[in-house]
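Input: a single structure, listed below in structure tokens.
The values are calculated or read from the model by the stated rules, or taken from the named source; none is laboratory data. Please read all numbers here as calculations on a predicted model, not as lab measurements. Cβ placement follows ideal geometry from the backbone for every residue including glycine, while neighbour counts extend to all protein chains displayed. Calculation scope for accessible area: heavy atoms of the full protein, side chains included, ligands and nucleic acids excluded. Shrake-Rupley method; radii C 1.70, N 1.55, O 1.52, S 1.80 Å.
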Amino acid sequence: MNSGRSRSGKKKSNQSIVAFIYFFALLFFGMIAYMIYFIGFRAEDLMGNSYNARMDVFNNRFIRGSILSADGQVLAKTNVQEEKDPESGENKKTEIREYPFGDLFAQSVGYSTKGKTGIEALANFYLMESNSNPVVQVANEITETKSQGDSVVTTFDTGLQKVAYDALGEKRGAVIAMNPQTGEVLCMVSKPSFDPNTIVQNWNAIIADENAGAPLLNRCTQGLYAPGSTFKIIMTLEYLREHPDYSDFHYNCKGLYQNEEDPAYVVHCFNGEKHGKEDLAQAFANSCNSAFAEMGTEIDKKKLKDTAQKLMFNEKLPVELPSSKSRFTVTEESDAWTMMQSAIGQGNTMMSPLHEVMITSAIANKGVLCEPKLLTQVLSSDGNLVKTFPEAKKRTLMTESEADTLGAFMRKVVTEGTASKFRKASYEAAGKTGSAEVTDNGVKKTNAWFTGFAPYENPQIAVCVIVEDGETGGRTAVPVAKAVMDYWLSKQ
């Protein structure tokens, strides 16, 4: 009996030891897997973080590198000035960060004092490393001289950025353009702006409560606005999915839609315009609020919510700059008024210009989104290639057939609808206008939208424009977008 108990006890003891060994083996391999993940995927992000104390060491060894545009212009650089210290009489070197284009790239390129923002933050790791001649670096280490840091090349085009900036004029708003086929962000303008060269001196004025313009805010990525009629793109996509026979859609617009179940719920077309008999493409081109309000009461709420989620609402957008999540709050319990308002891009729905241009890019690219790309290369101070950034990741937002139908509808907005200012262009554009009613401190205003792409048959550029307090999309936003497309396509 005692012998059996002894064997049983030994067996349990051996099992405990084996389990103990397995546990530590699993822990060991888990640590190895984490280190591989950290070194392979997170090292650059964490090393480049401005809060990382190791960056202070790099700051003592390297002169911060330059930020370049896609067309070779210097967007940010470090000037080294030598001055005599009045107390010691010794020569002292001072580093001053310079932004040659001033407020033109303020939010997109960012700044490196008072914290780091924009590309300055995104590319911090590369700007504070040096891959210049190793012999020169060794000599610099011996003489305690800083080596010149590497440069990063962005996707921004300076000419296009200036055209977009000038076209927006004195209005508050944003302009963002992408290449639908590559995901490269071609320009990113936000107004009001500020001069990053003088941000230290003007910091208190910039962040003051009375400065309601919020110039530090990148309206392209962080601004959230009611999308107005540009949301009809998403409503139309959902209608196509629920009604393969969409060609049978017919609506007789009398200038308003009054809900039968609750007559107090009324939506008017812009200026009460009566569009008459319309098919779906005509209702889209006319931006007919009445037709879409009725559509909102008939659409499947759950399916609409699922479509919105697939189109990246309520999630972090795949961009490396700080961005705001677009909001879509429709549920299966939403009432008729909520659905009517949501269908025309009012109510609680909010979008960023970045999100708008991403969806537009997917339509232009046969339903496939090339995620936004901001950096293309890292160059040493000698001009040698250090690193090439990979192609943009891709995700399918809709079928090719759906994208083709939406693209055709957006083309009709130009040829027969609200984007008539494009009709005399030397290329064929497609897009959607929007005019979103908002209340600012008790004052009713209208934000003007346009999102579109060109050329229609072989899209090279997708553009989104938001003009705050800008009348209508057709009058105010379309001319800005046209100026951007005119310039870009004239270069191709």
Next item on the list: Pairs only if they're at least six apart or on different chains, beta carbon under 8 angstrom, first in segment 263-279 and within 25 Å of D335 (Cβ to Cβ), second polar (S, T, N, Q) and open to solvent by 70 Å² or more (accessible area, probe 1.4 Å); list them, first residue then second.
Entry: Y265/Q258; V266/Q258
Next item on the list: Name the single residue, out of those in segment 447-492 being free of Cβ contacts under 8 Å to residues at least 60 places away in the same chain and assigned to a loop (DSSP other than H, G, I, E, B), that is most open to solvent (accessible area, probe 1.4 Å).
Entry: E457
Notebook entry, point to check: Mind checking whether some residue in segment 386-398 is at pLDDT 95 or above and surrounded by 24 or more Cβ atoms within 10 Å (Cβ to Cβ)?
Noted result: no
Check: What about K116, is it of a type in the set (K, R) and part of a helix (DSSP H, G or I)?
Finding: no
Checklist line | Filtered residues of segment 285-298 (kept if out of contact with any strand residue (DSSP E or B) (no Cβ under 8 Å at 6 or more places or on another chain) and either polar (S, T, N, Q) or surrounded by 22 or more Cβ atoms within 10 Å (Cβ to Cβ) (or both)) | finding: A285, F292, M295, G296, T297
Checklist line | Positions within segment 61-116 being among the β-branched types (V, I, T), open to solvent by 60 Å² or more (accessible area, probe 1.4 Å) and within 29 Å of A214 (Cβ to Cβ), in sequence order | finding: I96
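Residue-wise test of (1) within 25 Å of A167 (Cα to Cα); (2) surrounded by fewer than 21 Cβ atoms within 10 Å (Cβ to Cβ).
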site: E210; (1), (2): no, yes
site: P227; (1), (2): yes, no
site: K232; (1), (2): no, no
site: Y265; (1), (2): no, yes
Notebook entry, point to check: Filter segment 191-205 for residues that are touching a residue at least 40 places away in the same chain (Cβ under 8 Å) and part of a helix (DSSP H, G or I); which is surrounded by the most Cβ atoms within 10 Å (Cβ to Cβ)?
Noted result: P196
Note to self: If I filter segment 135-152 for residues that are assigned to a strand (DSSP E or B) and open to solvent by 30 Å² or more (accessible area, probe 1.4 Å), do I get at least one hit?
What the structure shows: yes
Margin query: Which numbered condition in (1) open to solvent by 10 Å² or more (accessible area, probe 1.4 Å); (2) modelled with pLDDT of 95 or more; (3) of a type in the set (S, T, N, Q) is the only one that N441 fails?
Written below: (2)
